[in-house]
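The values are calculated or read from the model by the stated rules, or taken from the named source; none is laboratory data. Owing to the predicted nature of the structure, the values given are computational and were not obtained by experimental measurement. When we count neighbours, we look across all protein chains shown, and the Cβ atoms used for this are built from the backbone with ideal geometry, even at glycine.
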Amino acid sequence: MIGEASDYWRFFAEDARRTGSALYARLAAGIGADADLKALAARARRGQPHANLILGAALGRGREADRDAGDEHQRSRAQRAAASRLPRHRAPGSI
C-alpha cells in the first residue's frame, strides 16, 4: 500500500508539472514525502481522489488567509483615510 500511495503522489506531481501547475506539482511532491499527510489523504471517501482532500483543504485555508490579510488591509486603509480627514495643526505663520 505504501508503494501505491507513493506512486499516486509521484504520478500526480509529474502530471501537474507536465500541465504547467507548478504549485500543485510542488505540493503533491511534498505530500508524497510525508507519511502523515499520505495517511490523512488515505482517509478520503470511496471514489474521492486523495489529492482533492488534501489540496482542497490546503488551498481553502490559503483563501482564508488571503481573505484575512485583505480584511486587515481594508482596516488599515480605512484608518489612514480617517486620519487624513483630521484637522492638521500648523505652526503660526505657515501656509
Q | Subset of segment 19-28 [within 12 Å of LEU55 (Cα to Cα) and either surrounded by 14 or more Cβ atoms within 10 Å (Cβ to Cβ) or more than 14 Å from the chain's Cα centre (by Cα) (or both)] | A | TYR24, ALA25, LEU27, ALA28
Q | Yes/no for GLY70 being exposed (fewer than 10 other Cβ atoms within 10 Å of the Cβ), modelled with pLDDT under 80 and either assigned to a loop (DSSP other than H, G, I, E, B) or of a type outside the set (Asp, Glu) (or both) | A | no
Q) How about segment 12-66: which of its residues are of a type outside the set (Ser, Thr, Tyr), modelled with pLDDT of 90 or more and in a loop (DSSP other than H, G, I, E, B)? A) GLY20, ALA33, ASP34
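Taking the condition charged (D, E, K, R) and either exposed (fewer than 14 other Cβ atoms within 10 Å of the Cβ) or at pLDDT below 60 (or both), does ARG85 pass?
yes
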Q. How many residues are surrounded by 13 or more Cβ atoms within 10 Å (Cβ to Cβ) and not aliphatic (A, V, I, L, M) if we restrict to segment 31-55?
A. 5
Q. Does SER94 fit the bill of being exposed (fewer than 10 other Cβ atoms within 10 Å of the Cβ), modelled with pLDDT under 60 and among the polar types (S, T, N, Q)?
A. yes
